[in-house]
Amino acid sequence: MEKKLTISREELKKLNKNELCRMILDMQETVQKNEEIISEKERLIAESESRIDILTQEVKFLQAQRFGRKSEMTDNEASENVQIAMDFVFNEAEATADTSGEEETVTVAEHIRRCRQKGKQEEDLSKLPKAEPKQCEINDAKLAELFPNGYRELPVDILTTIEHIPAKFYVQEYHVHVYCAKDDNSHIVRADAPGKLFGKGLASASVVTGVLNGKYTNGLPFYRIEQEFERNDVPISWQTMANWTVMASERYFSLVLDRMKEQLFTHRVIHCDETPMLVTKDGRKAGSKSYMWVYRSNVFDPDPVVIFDYQKSRHYSHPQNFLEDFRGVLVTDGFEAYHKLARLRPKDLTVAGCWVHMNRKFKDALKGLGKSGQKTAAGSIAQEAVDRIGKIFDLDNKLDEMTSEKRLQIRKEELKPLVDEFFAWLQEHRRDVTLKSLTGKAMTYALNQEEYLRVFLNDGDVPMENNAAERAIRPFCIGKKNWVMSDTIHGAEASGIVYSIVETAKANNLKPYEYMRYLLTMIPQHMNDTSLDFLDDLMPWSDKLPEECRKLRPVEMK
């Protein structure tokens with residue numbers, strides 16, 4: 001029988017005490033159930049709103065990644081940079097007035113224009129070969145027509161340009177003269193001649209280096225290099241180029257790589273990073289990820305070394321095997337494989353965290369929140385985290401030119417209090433945001449990495465960030481967007497060797513093409529030596545390298 005939802009006054013008067021009590025209890029039970037239902041619905045709504053908020057942040061962040069500015073600067077930082085640029089443009093006169101007296105200024109209507117520094121062009125061109133001057137003259141008949149009463153020649157006007165000659169290919173024959181004694185045919189002497197790189201093939205040091213430089217310095221895939229060769233009537237297939245790469249790496253460059261590893265392990269601080277790549281024929285199902293690991297010496301150390309190491313996975317055993325002979329500090333991101341390595345070797349290996357990676361997560365949170373969301377509590381927390389980290393970076397960047405001891409002293413006196421305040425502030429505000437939001441995840445990451453992020457405070461040689469490794473691996477990441485994948489494991493390993501030579505050459509201010517050509521010219525001449533001591537003079541930091549391998553001015557590495 002269905003219960004009546006309402007009751008009249010007359011009916012209520014007819015009820016006895018027990019019936020009234022039962023009715024009140026039923027009403028209380030109904031109210032309680034309704035409150036529980038409402039509470040559950042409110043909880044579900046709150047969870048849904050939180051989930052919607054998190055998904056909205058992720059969508060905004062992905063949109064910013066896909067369509068937004070690629071810089072890691074926040075909107076505020078970008079605005080400041082724009083303002084600085086605008087100030088320079090509109091205050092150009094004041095900016096010019098503050099420059100060194102070595103530069104002239106020429107007053108032009110309504111603005112002041114800076115002229116090129118005297119002697120700079122001559123310095124820039126001093127390392128380039130100079131061709132025979134071309135004479136631009138007027139013939140005698142024309143001069144007689146122009147000057148009937150005679151003429152005299154004024155000082156010559158010199159115009160300077162830089163000329164470019166596209167790649168040239170030509171066939172070089174070496175006619176090697178052979179001699180023997182008149183009375184003894186067994187006594188034969190052969191004139192010196194350059195040796196072949198690979199058996200009886202047509203490969204020369206210059207053409208192989210051109211192929212390697214095209215792919216590993218300039219990021220061109222082999223098929224594009226093949227097309228360029230075809231346009232110059234040179235019939236060399238990309239398969240041949242790939243074979244040359246493997247043979248040059250295994251036969252010659254690997255000798256240099258072994259010495260580079262020895263040099264790397266003399267450094268007390270090493271940077272490390274890794275990036276995925278595809279290898280089509282590695283015995284696994286299609287699409288399986290392989291990884292290229294990079295190891296780089298500390299930015300504060302001379303004779304920089306950059307080594308790429310191909311491996312089939314991201315397992316911690318790969319850096320464990322590579323760094324078996326290393327004792328010191330490994331600067332990395334927050335990947336757990338590195339932390340496991342540190343736990344396995346607590347006595348001789350320390351892992352230092354990267355503040356840039358941590359700061360990036362808070363900046364990503366700001367991107368995910370969007371302009372409107374940045375005004376919320378989560379936005380203000382993310383922005384304050386970025387501001388606090390920025391102050392720490394600003395102070396530490398001023399210490400770059402100091403000695404390790406002085407840097408450590410200032411870090412302990414001035415930086416440590418700021419770092420302590422930062423992590424205490426994170427703990428205090430951790431519950432003010434949803435832990436699954438981008439801001440919450442950034443705070444959790446920072447607190448979980450605190451042990452590793454504090455390492456730089458106790459060692460003046462350890463930088464705050466792992467940018468050195470990221471800069472070293474960036475050419476590989478750019479290159480793989482063009483050539484997409486490696487065909488075989490041998491090819492991937494060879495690529496790691498060549499990238500090691502190229503990036504170490506660049507880090508030591510060498511011209512990669514000239515350096516690789518020099519190696520492929522000199523090493524074959526010593527292949528029959530019983531000792532490898534000749535390699536000492538061929539290393540990228542050797543002062544015995546020819547001047548043609550060196551750049552005019554050093555590259556700013558930090």
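Overview of results
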{"read-out": "Yes/no for LEU399 being farther than 17 Å from VAL356 by Cβ and surrounded by 12 or more Cβ atoms within 10 Å (Cβ to Cβ)", "value": "no"}
{"read-out": "Test: ASP273 is of a type in the set (Asp, Glu) and surrounded by 15 or more Cβ atoms within 10 Å (Cβ to Cβ)", "value": "yes"}
{"read-out": "Failed item, numbered, when SER542 is tested on (1) among the small types (Gly, Ala, Ser); (2) surrounded by fewer than 18 Cβ atoms within 10 Å (Cβ to Cβ); (3) under 16 Å from the mean Cα position of the chain (by Cα)", "value": "(3)"}
{"read-out": "Neighbours by Cβ (under 8 Å, 6+ apart or cross-chain): first from the stretch 427-439, free of Cβ contacts under 8 Å to residues at least 60 places away in the same chain; second surrounded by 13 or more Cβ atoms within 10 Å (Cβ to Cβ) and basic (Lys, Arg)", "value": "LEU435/LYS441"}
{"read-out": "Qualifying residues in the stretch 311-335 (those that are part of a helix (DSSP H, G or I) and touching a residue at least 12 places away in the same chain (Cβ under 8 Å)) - the one nearest to the chain's Cα centre (by Cα)", "value": "PRO319"}
{"read-out": "Lone unmet requirement of (1) buried (at least 22 other Cβ atoms within 10 Å of the Cβ); (2) closer than 26 Å to ASP301 by Cβ for SER486", "value": "(2)"}
{"read-out": "Within the stretch 441-450, considering residues that are in contact (Cβ under 8 Å) with a residue 40 or more places away in the chain and surrounded by fewer than 22 Cβ atoms within 10 Å (Cβ to Cβ), the one nearest to LEU341 (Cα to Cα)", "value": "GLN449"}
{"read-out": "Of the criteria (1) in a helix (DSSP H, G or I); (2) crowded, with 20+ Cβ neighbours inside 10 Å; (3) in contact with a helix residue (DSSP H, G or I) (Cβ under 6 Å, 6 or more places away or on another chain), which one ALA468 fails", "value": "(3)"}
{"read-out": "Residue count for the stretch 165-184, restricted to those that are assigned to a loop (DSSP other than H, G, I, E, B) and over 23 Å from ILE236 (Cβ atoms)", "value": "5"}
{"read-out": "Inter-residue pairs, beta-carbon under 8 Å, first in a loop (DSSP other than H, G, I, E, B) and in the stretch 130-159, second of a type outside the set (D, E, K, R), 6+ apart", "value": "ILE138/LEU146; TYR151/LEU143"}
{"read-out": "Criterion violated by ASP258 - all others in (1) in contact (Cβ under 8 Å) with a residue 12 or more places away in the chain; (2) surrounded by fewer than 20 Cβ atoms within 10 Å (Cβ to Cβ) satisfied", "value": "(1)"}
{"read-out": "Residues satisfying the stated conditions in the stretch 434-449, i.e. over 24 Å from the mean Cα position of the chain (by Cα) and either closer than 18 Å to GLU421 by Cα or not in a helix (DSSP H, G or I) (or both)", "value": "THR434, LEU435, LYS436, SER437, MET443, THR444, LEU447, ASN448"}
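Only the coordinates and a few stated rules stand behind these numbers; no lab work does. Fair warning: this is a prediction, and the values are worked out from it, not measured in the lab. Counting neighbours? That spans all protein chains shown, and the Cβs are built from the backbone with ideal geometry, glycine included.
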